[in-house]
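See structure below.
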Amino acid sequence: MEDVYKSCPVMENNQYVLTLVTMKDAPDLLKVYGDERSVPLFNSDNCHGDLFYYSTLDRMEEAIRFWISEYEKKRFVRWGIFVKEKKEVVGTIELFHRNSVDYFHDCGLLRLDLRSDYERKEVIEDILSLVVPNTWELFDCSLIAAKAVIEAKERIQALLALGFSPTGHTLIGHDGTEYGDYFVLTKTQE
């Protein structure tokens with residue numbers, strides 16, 4: 001597979017297409033990041049206090065510019081989740097390779113942000129089944145980690161169905177903050 005930061009792959013199935021996020025996604029993504037029911041389920045760990053609640057198009061566009069800039073710096077990839085039937089973007093997936101001194105070393109850290117009406121087990125399974133099998137090679141990792149807070153019951157069910165297991169390990173942030181609620185999949189489990 002080619003370097004994900006040189007050529008970001010498009011992944012799709014019958015319902016969804018994952019493509020590198022662009023500025024044209026901003027109006028649709030404002031419905032995701034302005035959805036107060038969704039925001040508590042997002043993984044904002046280690047994100048310098050950003051909770052990912054955006055209530056204006058300008059703020060959404062600012063976030064997208066940042067995501068594109070980080071991609072260009074080879075820090076992370078942020079895919080938009082396009083629903084073919086509805087012809088709209090209903091969320092994003094962020095992935096990056098994480099090296100650290102904690103349990104989450106050599107890890108593909110996956111963040112899934114979905115509009116609340118798509119926060120359903122079967123939807124999450126469909127979406128993650130597109131990206132998880134490619135994560136090992138795209139991000140050269142031996143572990144994939146995704147956060148699911150206890151309130152995210154549908155997300156937890158989807159992660160378990162995909163072979164992820166809860167872990168008691170905490171992710172240690174850049175400032176020493178400990179973050180929990182992670183589910184992991186190891187390369188040997190996949």
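No lab work stands behind these numbers, since they all come straight from the coordinates. None of these values were measured; they are calculated from a predicted model. So basically every Cβ, Gly included, is an ideal-geometry build from the backbone, and we count neighbours across all protein chains shown.
Only one entry in Phe96, Phe52, Phe66 is in contact with a helix residue (DSSP H, G or I) (Cβ under 7 Å, 6 or more places away or on another chain) and among the aromatic types (Phe, Trp, Tyr), namely Phe52.
Close contacts from the stretch 122-134, counting a first residue that is surrounded by fewer than 21 Cβ atoms within 10 Å (Cβ to Cβ) and a second that is part of a helix (DSSP H, G or I) and not charged (D, E, K, R), with Cβ to Cβ under 6 Å and a gap of 6+ residues or different chains, come to Glu125/Ala158; Glu125/Ala161.
If I filter the stretch 148-190 down to residues being closer than 17 Å to Arg115 by Cα and of a type in the set (Val, Ile, Thr), which single residue comes out as surrounded by the fewest Cβ atoms within 10 Å (Cβ to Cβ)?
My answer is Val149.
Could you tell me whether any residue of the stretch 92-107 is in contact (Cβ under 8 Å) with a residue 60 or more places away in the chain and closer than 18 Å to Ala26 by Cβ? Checking the stretch 92-107: at least one residue is in contact (Cβ under 8 Å) with a residue 60 or more places away in the chain and closer than 18 Å to Ala26 by Cβ. In the stretch 4-25, which residues are touching a strand residue (DSSP E or B) at 6+ places or on another chain (Cβ under 9 Å) and either buried (at least 20 other Cβ atoms within 10 Å of the Cβ) or of a type in the set (A, V, I, L, M) (or both)? Scanning the stretch 4-25 gives Val4, Val10, Met11, Tyr16, Val17, Leu18, Leu20, Val21, Asp25.
Would you kindly identify the strands (runs of 3 or more DSSP E) lying entirely within the stretch 31-127 that contain at least 1 residues that are farther than 17 Å from Leu171 by Cβ and over 12 Å from the mean Cα position of the chain (by Cα)? Break it down into steps so the answer makes sense when it comes.
Details: elements: 77-83, 88-98, 107-114.
Result: 77-83, 88-98.
Looking across the stretch 138-147 at every residue that is small (Gly, Ala, Ser) and within 24 Å of Asp117 (Cα to Cα), the one that is nearest to the chain's Cα centre (by Cα) is identified as Ala146.
So, in the stretch 137-186, how many residues would count as being in contact with a helix residue (DSSP H, G or I) (Cβ under 6 Å, 6 or more places away or on another chain) and of a type in the set (D, E, K, R)? Selection size over the stretch 137-186: 2.
Residues in the stretch 135-182 that are of a type in the set (D, E, K, R) and either within 26 Å of Lys74 (Cα to Cα) or free of Cβ contacts under 8 Å to residues at least 60 places away in the same chain (or both): Glu137, Asp140, Lys147, Lys153, Glu154, Asp175, Glu178, Asp181.
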